[in-house]
Every structure is written in C-alpha cells, then in structure tokens.
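Here is the structure we will look at.
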Amino acid sequence: MRKFRICIGSDDGETMAMTHLGDTKRFYCYDLVDSSVSLFIGERVNAARDMEHAQSDKMKSIIALLKDVDIFVAQQKSPNFIKIAKQTKYQPVVVDIKNIPAIIALLQDEFEQLYTYVERRKNGETFETIPVLLAGS
C-alpha cells in the first residue's frame, strides 16, 4: 500500500483558505492511498496563526504541529513554501481550486508524481520543486 499524508489549511473545513497556509485557523489532514482512496485523519488548530508571518519560529511551530504530514497544500507559493521545499522533508504543492474534495481529487490525479517526490524527500533528498496543479489540466 502506497500512501502519503496531506495538509490543507482551512477556516471552515470545506474550502481552502485564500491566504498562506500558516495564516489559516485550522489544518485538515488526509491520507491519500494508491490514487483512489482518501481518509480524513483529523483537524488541528493552528496555534502559530497570530505570529508574524516572516518569523522563522512560525514556520518551525507549524512544522512541529504537522510533523507527520508529507505534503503541504496551499494556493500561494509563499516565501516559507520555498524555504520548506529547499530545507525540509516536506513537499509543498500549490493548487488553483478552493473546494477541499476537488483538491483531494486533483492530488489523486497526480498521485504518482507526488508519491515520487514524497519518497525522494523521505530518503533525505531536498530540492526546489513545488508542483503547481491546475484544475482541468
């Protein structure tokens, strides 16, 4: 069984927040399994939400809260997303849709590519690639 865990920032659990991942109220975590199954794992309150955006402690606090996640999903390629890609084991992904079930479907469509990135990172490799996934492409 091949799987990876994703995190989507949302204020309502239905749509992705239209801001940086670190500025959302909650993180919603799902396991994607073999491109066809998604399992809701749970939600986590973003305790670092009110920290200054540029603070490196904010990024570290969020990563500590989401240490079991493989992929962070957002609608913006923020400076912290670029740092995460270059310096950590986590894979950032940017999408252009807001509806969480549609985001999950889009990620499942790209399961093979994303799984490869996750495995490379689990093996200690870091790289700058941040996939931008567009609905309908």
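Laboratory data are not the source of any read-out in this text; all were calculated from the coordinates shown. Only a predicted model underlies this, so the values are computations on that prediction, with no experimental measurement involved. In this analysis, Cβ positions are derived from the backbone assuming ideal geometry, glycine residues included, and neighbour counts consider all displayed protein chains.
Between LYS77 and ASP34, the simple label model (points 7 Å from Cα in the Cβ direction) yields a spacing of 3.4 nm. Packing around the peptides 30-43, 70-83, 12-25, taken as the average count of other Cβ atoms within 10 Å per residue, puts them in this order, highest first: 70-83, 12-25, 30-43. Residues of segment 14-45 with an amide N closer than 13 Å to a point placed 7 Å from the Cα of ASP57 along the Cα-to-Cβ direction: none.
For the pair GLU43 and LYS3 in one chain, pulling the backbone fully straight at 0.36 nm per residue adds 12.5 nm over the alpha carbon distance.
Where both bridge residues fall in segment 2-137, DSSP classifies roughly 65% of the beta bridges as antiparallel. Which lysines, on any chain, are close to LYS83 with Cα under 19 Å apart, when same-chain ones fewer than 8 places away are left out? Partners within reach: LYS58, LYS60, LYS67, LYS122.
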